[in-house]
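J.: Handing you this structure, nothing more for now.
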Amino acid sequence: MPWQSPISPGISWYEANVPERPDYPPLSGSVQTDVAIVGGGFTGLQAAYNLARNGVRVVLIDTCRFGDGASGRNGGQLGTGQRWWPEEFEATLGYERSKALFDMAENAKQHLLDFADAHALDIEYVRGHMSVSHKSGMEKDYQANAEIAATRYNYPHLSFMDGKETAKRIGSSFYKYGVRDNGTGHIQPMKLLVGLARQAALAGASLHEQTKALKVENASGNVIVHTDKGTITAERALIACNGHIGNLEPITARHVMPIRSFIGASRILSDHPDVLPSGESVADSRFVVRYFRKSKDGRLLFGGREAYTADNPNDISNHIRRQITEIYPHLADIEMTHSWGGSVGITMPRQPFVREVMPRVTSIGGYSGHGVMLSNYCGKLYADMVLGKATELELFRDLQIPGFPGGMRFRPVLLFLALSWYALRDKF
Ligand SMILES: Cc1cc2nc3c(=O)[nH]c(=O)nc-3n(C[C@H](O)[C@H](O)[C@H](O)COP(=O)(O)OP(=O)(O)OC[C@H]3O[C@@H](n4cnc5c(N)ncnc54)[C@H](O)[C@@H]3O)c2cc1C
């Protein structure tokens, strides 16, 4: 029987299709270590793996099972660059910093693919991605985006697609035009997650599921992580809780907010070869992005981000099917075999949050829907920082990330209102 995450609704198709998912025991009693890590998603596990293989003692805990947060349940799209187009970054940060952030994301992409290769992980990587516009009037921006990537960012893999090519590659005339990216692709994230946890354990990290951090504090020159199963005393700690931070640490909670995103998997579409015939993943231009792709076995995995009234998987399937039908009317009655949701950790400017939130305690998260490759890389960069190496993590530390307005009580309400406004704007 596939496992049902206690923090996210529905059983994901990834969970149902991962050959094995080993359990890791809860923490037992009080322990002493070099680095304590809270959160067993990509960020925490990559940090644990890279520290342990360099001889650093690590204890990592997760309140659920590894991958129950965003890392095991996402759209699997790697993307290219940061969340914003480089020319948008350039307008506020200047060319040098924008280029450094773009190059860092390329390093992140390579790091993920190299990691999978080095450990012979079958992460079901499929090459190709398309960014498409649901509105007219931005054709020149899309053309410029491909040109700028090639000429200013040394990235020759983008090509502009007119309406005809877009329709052919999507299998629908719903989108107006777009950009195709042949230098990236999509993966089965749970397979990466399970393989990463195994490698971290083999490297010597002490990994514990079903162990909740209740408080992180500095005391007597150490960092103490109080959990529901015992206490971890460490020289330093990494908080890698992303959108699941809750009340654990107030600075992170003020800067990283969860928004719900939902995905549905259809039955295998062998009778619809017109749908995404070349296998690229797709992300559209809505503020509340719709993202979809075909799995390696030919299902449509379709994600949208809306505030549904219920978390019942049947409701999720119906909502997702309605969104699919707007693009593919002939799939109006398509059977959905799995549907699930997760929490995307977002920040106000949609850029990652990296900060020392108390002495020797770093918090990293809030990749804002662009974290599959960045979270893996930031975990590794955190390890580099602990090991005293120069690291690109500084690029994120230097970003100005304002907190969300409102106190703990009003922040979710304000966020809901803002997202509803943007969802409405997407419609008209
Ligand atoms: C539905 C969905 C679709 C997405 N699609 C994409 C995509 O296509 N491309 C992309 O790049 N990004 C996507 N993302 C975002 C991406 O998945 C995340 O950015 C990335 O996985 C973040 O990894 P993480 O390790 O930082 O956080 P998470 O994977 O969220 O891990 C945080 C962990 O912390 C644990 N935790 C929290 N509090 C405590 C505590 N008190 N004690 C112990 N443990 C605790 C949680 O249980 C959780 O396992 C998507 C996210 C979602 C939810």
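The values are calculated or read from the model by the stated rules, or taken from the named source; none is laboratory data. No experiment lies behind these values; they were computed from the predicted model shown. Ideal geometry is used to build each Cβ from the backbone, glycine not excepted, and the neighbour counts take in all protein chains shown. Ligands, DNA and RNA are excluded from the accessible area calculation, which covers all protein heavy atoms including side chains. Shrake-Rupley method; radii C 1.70, N 1.55, O 1.52, S 1.80 Å.
J.: Could you sort His244, His186, His370, His330 by their accessible area in this structure, using a 1.4 Å probe and putting the largest first?
T.: Largest to smallest exposure gives the sequence His330, His244, His370, His186.
J.: Same structure, new question: For Trp85, what accessible surface area do you get with a 1.4 Å probe? Give it in Å², rounded to 10.
T.: Approximately 60 Å² of Trp85 is accessible to the 1.4 Å probe.
J.: Please report, to one decimal in angstroms, the Kirkwood hydrodynamic radius of the chain built from all distinct Cα-Cα pairs.
T.: 21.9
J.: Moving on to the next point. Can you tell me which of Lys294, Lys135, Lys212 moves the most in a GNM of the chain? Springs connect C-alpha atoms under 10 Å apart.
T.: Maximum among the listed residues: Lys135.
J.: Which one of Gly183, Gly371, Gly243 has the biggest mean-square fluctuation once the chain is modelled by GNM with Cα springs under 10 Å?
T.: Of Gly183, Gly371, Gly243, the most mobile in the Gaussian network model is Gly183.
J.: If you don't mind, there's one more thing I want to ask. In the chain, what percentage of the DSSP-assigned beta bridges are antiparallel, given to the nearest 5?
T.: Values: 48 of 69 bridges.
So the antiparallel bridges in the chain amount to around 70 percent.
J.: Also, quick follow-up: Checking the a/c ratio against 1.5 first, then a/b against b/c, what shape does the Cα gyration tensor give for region 204-308?
T.: Working: a/c = 3.62, a/b = 2.40, b/c = 1.51.
Taking the square roots of the gyration eigenvalues as a ≥ b ≥ c, region 204-308 is prolate.
J.: Rounded to the nearest 500, what is the 222 nm mean residue ellipticity of the chain from helices alone, with -39500 (n - 2.57) per DSSP H run of 4+ residues and division by all residues?
T.: -10500 deg cm²/dmol
J.: Can you give the Kirkwood hydrodynamic radius for region 333-413, in Å, rounded to one decimal and based on Cα pairs? Write out the running numbers ahead of the final one.
T.: On the way: mean 1/r = 0.0675 Å⁻¹.
Kirkwood hydrodynamic radius for region 333-413: 14.8 Å.
J.: Could you sort Thr184, Thr80 by their accessible area in this structure, using a 1.4 Å probe and putting the largest first?
T.: From most exposed to least exposed: Thr80, Thr184.
J.: Can you list the GluC sites (Glu not before Pro) in region 27-119 that are in a DSSP coil and have 13 or fewer other beta carbons within 10 angstrom?
T.: Qualifying residues, ordered by number: none.
J.: Tell me, what % of the accessible area of the chain is carbon and sulfur with a 1.4 angstrom probe?
T.: Answer for the chain is 52 percent, counting heavy atoms of protein chains only.
J.: Where only protein heavy atoms count, and the probe is 1.4 Å, what is the accessible area per residue for region 27-117 in Å²? Let's see the in-between values first.
T.: Working: 3000 Å² over 91 residues.
Each residue of region 27-117 exposes 33 Å² on average to a 1.4 Å probe.
J.: Just going by the charge dipole of the chain, with Lys and Arg at +1 and Asp and Glu at -1 on Cβ, which of Val194, Gly55, Asn222 is farthest out on the positive end?
T.: Value computed over the given set: Asn222.
J.: What is the helix-to-structure angle for 371-386, meaning the angle in degrees between its Cα long axis and the longest Cα principal axis of the chain, kept from 0 to 90 and rounded to the nearest 10?
T.: 30
J.: So which lysines pass the test for Lys176, namely a Cα distance under 21 Å, with those fewer than 8 places away in the same chain ruled out?
T.: Cα-Cα hits under 21 Å: Lys135, Lys140, Lys164, Lys168, Lys294, Lys427.
J.: Reachable aspartates and glutamates from Lys215, Cα under 12 Å, same-chain residues fewer than 8 places away excluded?
T.: By straight Cα distance, Lys215 reaches Asp228, Glu249.
J.: Name the residue from Met104, Phe416, Ala116 whose Cα lies farthest towards the positive end of the charge dipole of the chain, charges +1 on Cβ of Lys and Arg and -1 on Cβ of Asp and Glu.
T.: Ranked along the dipole, the leading option is Phe416.
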